[in-house]
1. Which residues, counting only those in region 56-74, are assigned to a helix (DSSP H, G or I), under 28 Å from residue 23 (Cα atoms) and out of contact with any strand residue (DSSP E or B) (no Cβ under 6 Å at 6 or more places or on another chain)?
2. Only one residue in 88, 163 is within 29 Å of residue 211 (Cβ to Cβ) and crowded, with 17+ Cβ neighbours inside 10 Å, so which one is that?
3. Mind checking whether some residue in region 155-163 is assigned to a helix (DSSP H, G or I) and in contact with a strand residue (DSSP E or B) (Cβ under 9 Å, 6 or more places away or on another chain)?
4. Going through region 225-237 one residue at a time, which ones are surrounded by 13 or more Cβ atoms within 10 Å (Cβ to Cβ) and out of contact with any helix residue (DSSP H, G or I) (no Cβ under 7 Å at 6 or more places or on another chain)?
5. Select from region 110-122 the residues that are without any contact (Cβ under 8 Å) to a residue 60 or more places away in the chain and under 16 Å from residue 133 (Cα atoms) and write down the one among them that is nearest to the chain's Cα centre (by Cα).
6. Between a first residue in region 97-109 that is assigned to a loop (DSSP other than H, G, I, E, B) and a second residue that is modelled with pLDDT of 95 or more, which pairs have beta carbons less than 7 Å apart while being 6 or more apart in sequence or on different chains?
7. Quick one: residue 16 ticks every box in (1) touching a helix residue (DSSP H, G or I) at 6+ places or on another chain (Cβ under 9 Å); (2) more than 14 Å from residue 85 (Cβ to Cβ); (3) modelled with pLDDT of 95 or more except a single one, so which number is it?
8. Go through (1) surrounded by fewer than 17 Cβ atoms within 10 Å (Cβ to Cβ); (2) closer than 20 Å to residue 180 by Cα; (3) in contact (Cβ under 8 Å) with a residue 60 or more places away in the chain and name the single condition residue 202 misses.
């Protein structure tokens, strides 16, 4: 188990990585092999995708993964890498706000030092309460856990389009007041909207890669501190699996798999993970 001092040091490293001058670019992972592959590229931190973890365990995304299964996956991933790990816990892997504390304790015991928690369909009051519980649980443990509060105003199309920036900023202030360290706004892609959010959100801004999103350096100039690939890497991996199966079935050929990682390289990466 990671000691409190080591965990706090990793958490503070994660905090420091949120800098628009060099945005934290995260290629989200879902298991030990994907985490080791990403770390080997020089990534300074590892982030999980809730969808990818759920799919790998035979569950759909959307708060359907049992907390015990999530934490078991997190323990394996954290044990396999040397960099800070932040975990997407969707709504908190909890039945209510108070129960979020148990999830946070489990994450910290596993060695994770950051989390994403989202409002989704719950609304801002409920997420603010869950953020406050997460913050308090981390403070009691003596770890500067990076709490990234996700608001789905744009992702879910909440309200009139012209009101979404203001609503996002309103929610962001509530979440930061409750103890969030960062604010995640998926589904924004145009530069003027991103710049407006970065200027008004009172914490490091995180956006998610989607078609039309500017490159990371430009996002940094707009004020973005963190960029996430989300579930797209897992989706791409499963797309390769489908294309390979379709090609094999249709023509008996196997060109799709020609550019796969070298077997020995991947095996060595996984073998290098710690038990």
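The values are calculated or read from the model by the stated rules, or taken from the named source; none is laboratory data. Since the structure is predicted, the reported quantities are computational estimates derived from the model, not experimental observations. Because the Cβ atoms are built from the backbone with ideal geometry, glycine has one as well, and the counts that use them run over all protein chains shown.
1. If the condition is that a residue be assigned to a helix (DSSP H, G or I), under 28 Å from residue 23 (Cα atoms) and out of contact with any strand residue (DSSP E or B) (no Cβ under 6 Å at 6 or more places or on another chain), then 70, 71, 73 are the ones that fit.
2. 88
3. Checked region 155-163: no residue is assigned to a helix (DSSP H, G or I) and in contact with a strand residue (DSSP E or B) (Cβ under 9 Å, 6 or more places away or on another chain).
4. Hits for region 225-237 are 225, 226, 228, 229, 230, 232, 233, 235, 237.
5. Only one residue tops the list, namely 115.
6. Hits for this filter: 97/126; 97/129; 97/130; 97/133; 98/133.
7. Among (1) touching a helix residue (DSSP H, G or I) at 6+ places or on another chain (Cβ under 9 Å); (2) more than 14 Å from residue 85 (Cβ to Cβ); (3) modelled with pLDDT of 95 or more, residue 16 violates only (1).
8. The failed condition is (3).
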